[in-house]
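Input: a single structure, listed below in structure tokens.
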Amino acid sequence: MSTDKSEDKSLIGYFKSMHETWDILRWSMREFVNENARGYLKRVYFWSVLSRLVSLLNPWLVGLGMTGLFAHDKQIALFAVSALFVTYVVGTIFEWRTGHFIELALGENIRSIEHKINAIFFSKNLGLHLREGGKLTQENMEKGWNRLDMVQKSILFGGVDSGVSLVLSLSMLVILSPISGLIVFVCLLLNILFSIYLNQFIASRMEPVEKRFRRIFRKRGERWQGVERVITSGRHMEEVEEMNKEFSETLEEDRKIWLRYILGTMPRGILAGVSVSLVGLYAGWQVWIGHMAISDIVPILTWSGMSTQQIRFLARTEREVSWCTPSLKSLREALNLECDVQENPDAIELKQGPVSVEFKNVCHSYEHARKDSDKGPVHVLFNLSFEVKPGEKVALIGPSGGGKSTIVRFLLRYMDPMLGSILINGFNLKDIALQSWRNLVGYISQQPRIFDGTLRENLIYGLPLHERQTITDEEIWKIMRLLRIDFGNRLTHGLETRVGRNGMKLSGGEAQRVMIGAAALKRPRFMIIDEATSSLDAENQAAVQEGIDLLLQQQEASAIIIAHRLSTVMRCDKFVVLKPVESLAPGESQIECVAHSIEELFEHSLTFRKLAELEGVRAAA
Ligand SMILES: Nc1ncnc2c1ncn2[C@@H]1O[C@H](COP(=O)(O)OP(=O)(O)OP(=O)(O)O)[C@@H](O)[C@H]1O
Ligand SMILES: [Mg+2]
């Protein structure tokens, strides 16, 4: 039996969900409507109030014209007709002004959404981005973006306009015929009660459906990205069917909810009919008994009709808002995720110069590992201490899953370790201004990340603005030649050759070499190389390795180099061997051995000997 705990049918539950919707809407207006847009909106409202007022005068003028006709009073009749003409002309001008500022406000809102979402997305630390099951996904952001835009249009233009029109037409009605105004007002109150009910209905039922949609869209995005694997695995037909099935099932659920919602809105339409009829009956009776002029019937019926129509428009706005709220909720959750890496306001700015790094008793376990274990935390890193002196090149050697890439994540501060500290030039990494540290680092990741654009753009991507603007082609070619990444004569347009989406036009090895070139161009003081040469053939690998060595020597940069292939780290100054964390005795450090030569490694490290044996590396190598 499925029970949905989030569904609270009590009155308190109704109000809670109303409050939540209200809260989300306030957040979306506060965060995403900027000062300029507010300025334009004020003008939109100013002109639209004027325009509504003018259009509301029309039925009254028609009534006046009728009075003139009944009384055979030419002056009144002519005045009414001329005034009608003027109101149409003036109304048209006011509508033009309203439309003009709506367009400006709309543009400003979209700009604000685009800017804010981008800014908040990139302000989150990488640990949050890489967390499994997280909400900071492309699909979630895109859907939130669209819904935010829709909600803003719905409320700021449709909703406010209907609200203003309702208040004005109801006020005029109350002035002319208080009882008719009361009838429409009661209709409005009943509508509000319906809204509360329907809002709660949607909020409670849509949340799980939204979650399923999110999962589906994430999977779809992943499969689209991985089209090569899907097709080469012969799974494309199956995937299409599977995705269609999952989508159809979820859509069915979604549709059921919305059809019930639409059915629930029916009484409102009937209610509107009842209230206009009641006003008609009342006004007719008033005329019948001689308490009201027949010409008053026109404005009374028109204004009550307009009021009820605006109530229905408001209901439509409310429906759109309800439809968007679940996506806005998850967008808000994603954007409000608290960074688990906080930068100290008085952070230390690192200066250009030699870099030393020290890991001191670092312990860490990823969250899921802790939950799954009944024996306490399962560590990925345990009691890890080692040092990289200025200019030293240190190889990190260890089994797959041993935590090498995790060490890199700490160094780049994707997240902080649970215990222990990392010192850069003697300062705790937590106290250092991150940007100043990242400026010193050249990072080459396991996966090349090439952007669509030219080779040049990709190579200089990590340089500060002024260097990007001033760097000459000769400087770029020099580094490329040094690293043997000049691609022979394959580049059709030299540095301006386009590399395609995800570097599609480059081979795996070429893409990796571009990443190496990009890191090298930064002239970093500290290099982090995670399996950099893994997709190169033996010849290129040796050449690139030589280039990296040369570069590191020239720059006096320190480095941490991770490689599965031992041959790529042979020329390092120091070797740090990690043991598999599962094999540690209680309290034992994860570092099996720190050596300064291959011979020393062979002598002291069992893990290394095992890896070397697998690769056929000998002590004399
Ligand atoms: N985001 C994550 N959430 C949970 N567990 C993770 C996460 N990233 C890595 N792990 C786990 O932490 C352990 C260490 O992973 P890490 O990527 O640091 O290994 P590695 O030494 O770089 O391996 P390889 O040599 O294969 O690249 C692995 O067991 C992995 O399953
Ligand atoms: Mg790794």
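Could you tell me which of rounded, prolate or oblate describes the stretch 472-534, using a ≥ b ≥ c as the square roots of the eigenvalues of the alpha-carbon gyration tensor, with rounded for a/c under 1.5 and, failing that, prolate when a/b is larger than b/c and oblate otherwise? Oblate is the answer for the stretch 472-534, as a/c is 1.5 or above yet b/c matches or exceeds a/b.
Taking the Cα centre of the stretch 84-206 as origin and assigning +1 to Lys and Arg Cβ atoms and -1 to Asp and Glu Cβ atoms, the resulting dipole is close to 360 debye. Suppose the Debye formula is applied to equal point scatterers at every Cα of the chain; what is log10 I(q)/I(0) at q = 0.06, 0.08, 0.12 Å⁻¹? Evaluating at q = 0.06, 0.08, 0.12 Å⁻¹ gives log10 I(q)/I(0) of -0.53, -0.79, -1.28. Treating the Cα atoms of the stretch 158-313 as identical point scatterers in vacuum, please give the log10 of the normalised Debye intensity I(q)/I(0) at q = 0.12 Å⁻¹, two decimals. With no solvent term, the Cα-only Debye profile gives -0.67.
Tally the DSSP beta bridges in the chain and give the antiparallel ones as a percent, rounded to 5. The antiparallel proportion sits near 50 percent. The charge dipole of the stretch 350-487, taken about its Cα centre with unit charges on the Cβ atoms of Lys, Arg (+1), Asp and Glu (-1) only, comes to about 240 debye. Filter the cross-link list Lys124/Lys351; Lys135/Lys389; Lys116/Lys211; Lys574/Lys610 down to pairs whose alpha-carbon distance in this structure exceeds 28 Å. Cα-Cα > 28 Å for Lys135/Lys389; rest within. Considering only Leu337, Gly305, Ile294, the residue lying farthest towards the positive end of the dipole of the stretch 254-357 is Ile294, judged by Cα position with unit charges set on Cβ. Normalised Debye scattering of the stretch 15-335 at q = 0.08, 0.15 Å⁻¹ gives log10 I(q)/I(0) of -0.52, -1.24, counting only Cα atoms as equal scatterers and leaving out solvent. What separates the Cα centres of the stretch 250-298 and the stretch 66-142 is a distance of 27 Å. Would you mind checking the tilt of helix 297-335 against the longest principal axis of the Cα atoms of the chain, expressed as 0 to 90 degrees and rounded to 10? The angle comes out at about 10 degrees.
Determine the percent antiparallel among the DSSP beta bridges restricted to the stretch 357-615, to the nearest 5.
Details: 17 of 34 bridges.
The answer is about 50 percent antiparallel.
In percent, how large is the relative contact order of the stretch 164-254, given Cα pairs closer than 8 Å and 6 or more residues apart? Computed over the stretch 164-254, the figure is 24 percent. Note the angle between two axes, namely the Cα long axis of helix 160-176 and the longest principal axis of the Cα atoms of the chain, as a number of degrees from 0 to 90, rounded to the nearest 10. Roughly 20 degrees, rounded to the nearest 10.
Please state the shape class of the stretch 9-102: rounded when a/c is under 1.5, otherwise prolate if a/b exceeds b/c and oblate if not, all from the C-alpha gyration tensor.
On the way: a/c = 7.38, a/b = 2.01, b/c = 3.67.
Oblate, since a/c reaches 1.5 and b/c is not below a/b.
Of the listed pairs Lys329/Lys360; Lys143/Lys245; Lys430/Lys579, which have alpha-carbon separations greater than 29 Å here? Mind showing how you got there, number by number?
Numbers: Lys329/Lys360 41 Å; Lys143/Lys245 21 Å; Lys430/Lys579 27 Å.
Pairs exceeding 29 Å: Lys329/Lys360.
Counting only C-alpha contacts under 8 Å and six or more residues apart, can you give the relative contact order of the stretch 15-335 as a whole percent?
Details: 300 pairs, mean separation 97.6, N = 321.
About 30 percent, as a whole number.
Give, as a single signed number, the net charge of other residues whose beta carbon lies under 9 Å from the beta carbon of Val441, with Lys and Arg counted +1 and Asp and Glu -1. Here the charged neighbours net out to +3.
About its Cα centre, what dipole magnitude does the stretch 15-335 give when the only charges are +1 on Lys and Arg Cβ and -1 on Asp and Glu Cβ, stated in debye to the nearest 20?
Numbers: 38 positive and 31 negative charges, 101 e Å.
Dipole about the Cα centre, nearest 20: 480 debye.
Sum -39500 (n - 2.57) across every DSSP H segment of at least 4 residues in the chain, then divide by the residue count to get the 222 nm mean residue ellipticity, nearest 500.
-21000 deg cm²/dmol
The angle between the Cα long axis of helix 138-152 and the longest principal axis of the Cα atoms of the chain comes to about 20 degrees, rounded to the nearest 10.
For the stretch 357-615, the convex hull spanned by the alpha carbon atoms encloses 137 Å³ per residue. Among the chymotrypsin sites (Phe, Trp or Tyr not before Pro) within the stretch 371-479, those in coil by DSSP and having at most 15 neighbouring Cβ atoms inside 10 Å are Phe451.
Only the coordinates and a few stated rules stand behind these numbers; no lab work does. Just so it is clear, the structure is predicted and the values come from calculations on it, not from any experiment. Ideal geometry is used to build each Cβ from the backbone, glycine not excepted, and the neighbour counts take in all protein chains shown.
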